[in-house]
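The values are calculated or read from the model by the stated rules, or taken from the named source; none is laboratory data. Quantities reported herein were computed from a predicted structural model and do not represent experimental measurements. Cβ sites come from the backbone with ideal geometry, for glycine too, and all protein chains shown count toward neighbours.
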Amino acid sequence: MGEIKSERNFIRDTLEVLRATGEISNDAFLDAGTIQGGLSLLLNLLSHGISEKEASGQLTSLKARAEVLNETYPDLDRKVENMRK
């Protein structure tokens, strides 16, 4: 769960920086926030002992959302990944 929490925090912090610096629009920020929210939901469900099947379903849903984001905001993934240290 630590890796998921770290990724959620990275996405949250990175999106805030990208929006504050004008690298992404407010719409992109809000839409991408659904990934952060999905990771938070997954963490909550895992802490309550959901099954591996349920966790896998949540991850599949997040991947689908990420694909839609990538189609809507083609440069978003690159901008986020460029912020990794």
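Brief remarks on what is shown
- Residue within the range 21-36 that is of a type in the set (S, T, N, Q), under 15 Å from I4 (Cα atoms) and loosely packed, with under 12 Cβ neighbours inside 10 Å present: no
- Residue within the range 55-62 that is under 29 Å from A20 (Cβ atoms), in contact with a helix residue (DSSP H, G or I) (Cβ under 6 Å, 6 or more places away or on another chain), at pLDDT 95 or above and not in a helix (DSSP H, G or I) present: no
- Restricting the range 1-33 to residues that are outside any helix (DSSP H, G or I) and hydroxyl-bearing (S, T, Y), the residue that is farthest from K85 (Cα to Cα) is S25.
- Check on Q36, closer than 15 Å to L18 by Cβ and in a helix (DSSP H, G or I): yes
- Residue satisfying all of: in the range 65-85; over 16 Å from R19 (Cβ atoms) and touching a residue at least 24 places away in the same chain (Cβ under 8 Å); surrounded by the fewest Cβ atoms within 10 Å (Cβ to Cβ) among these: R84
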